[in-house]
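The values are calculated or read from the model by the stated rules, or taken from the named source; none is laboratory data. Computed from a predicted structure; not experimentally measured. Cβ sites come from the backbone with ideal geometry, for glycine too, and all protein chains shown count toward neighbours. Just the protein is used for accessible areas: all its heavy atoms, side chains included, with ligands, DNA and RNA removed. Shrake-Rupley method; radii C 1.70, N 1.55, O 1.52, S 1.80 Å.
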Amino acid sequence: MIKIKLLKDVTNGKQFPAGTVIVRDKEAGEEMYILLKGTVGIYKNYQGAKELLLTTLEPGSFFGEMTLFLRRNRTATIVAQEDVITLAINRMNTYKFFAGEQEATYSMINTLCERIREGVKSCEALLSSGSAAGGAYSNSFFSEVQKNYSFVISRPGESYI
C-alpha cells in the first residue's frame, strides 16, 4: 500500500490538459512522472516531418526517469493524449520515495528491465537482419553496451567486492 503522507512529502500532483507537451525531447529535466489518470504518447520528432509515436502509456506507468537518473537531456517528447494527472518526483526526493515505497521501486525496476530486454531484442533483430554493421553480427556490440551500462552498488562508508 502506498503511503499517502510520504507521497505528499516527496511528490507534486500535476495536471495537463489533452494536447499538452509534458516534456520535450532534448530539454533538461529534474522530474520523473507517475501517470495516475489519462494516457500519454511518447514521440520522436514530434510535429516534425518524420514524427513517430513510439508508444502510449496508461495509468500506473512512469516516464522521465532517464533524465532524473542519468542527468542528461530528455530523449523523447511526451504529450498528453487526454486530460492527464501525474505525480512528479524531483531529483532531490527520489531516494526518499524509493526508500519508502519498496513495492513501487521493485515495479519500476522490473519495468526498466523489460524496456532494456526489448531494446536488446530490437538490436539483435537489427543485427541479424544484416541492417547494421554491414550485416555482420558482432558479440562485441553487446559487450560494449553491457560495459557502458554496468553499475556499482555502494553506500557512503561501505565497500563491496
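Looking only at residues in the stretch 40-71 that are under 14 Å from R24 (Cα atoms) and in a loop (DSSP other than H, G, I, E, B), which one is most open to solvent (accessible area, probe 1.4 Å)?
Only one residue fits best here, namely Q47.
Counting just the residues of the stretch 43-74 that are among the basic types (K, R) and in contact with an Asp or Glu (Cβ under 8 Å, 6 or more places away or on another chain), which one comes out nearest to M108 (Cα to Cα)?
R74
Restricting to the stretch 8-21, what's the tally of residues that are open to solvent by less than 30 Å² (accessible area, probe 1.4 Å) and more than 10 Å from T86 (Cα to Cα)?
Of the residues in the stretch 8-21, 1 are open to solvent by less than 30 Å² (accessible area, probe 1.4 Å) and more than 10 Å from T86 (Cα to Cα).
Looking only at residues in the stretch 72-102 that are touching a residue at least 12 places away in the same chain (Cβ under 8 Å) and farther than 29 Å from P17 by Cβ, which one is most open to solvent (accessible area, probe 1.4 Å)?
This residue is K96.
Could you please tell me which pairs satisfy a Cβ distance under 7 Å, a separation of 6+ or placement on different chains, a first residue in the stretch 39-52 that is under 18 Å from E82 (Cβ atoms), and a second residue that is open to solvent by 70 Å² or more (accessible area, probe 1.4 Å) and in a strand (DSSP E or B)?
Filtered contacts from the stretch 39-52: G41/L53; I42/L54; Y43/L52; Y43/L53; Y43/L54.
Mind listing whichever residues of the stretch 72-82 are of a type in the set (A, V, I, L, M, F, W, C), in a strand (DSSP E or B) and within 14 Å of E27 (Cβ to Cβ)? Steps first, answer last, please.
Going residue by residue through the stretch 72-82, those that are of a type in the set (A, V, I, L, M, F, W, C) are 76, 78-80.
Checking which are in a strand (DSSP E or B) leaves us with 78-80.
Matches in the stretch 72-82: I78, V79.
Taking the stretch 125-136 as the search range and keeping residues that are open to solvent by less than 80 Å² (accessible area, probe 1.4 Å) and assigned to a helix (DSSP H, G or I), which one is modelled with the highest pLDDT?
Taking the candidates together, the pick is A125.
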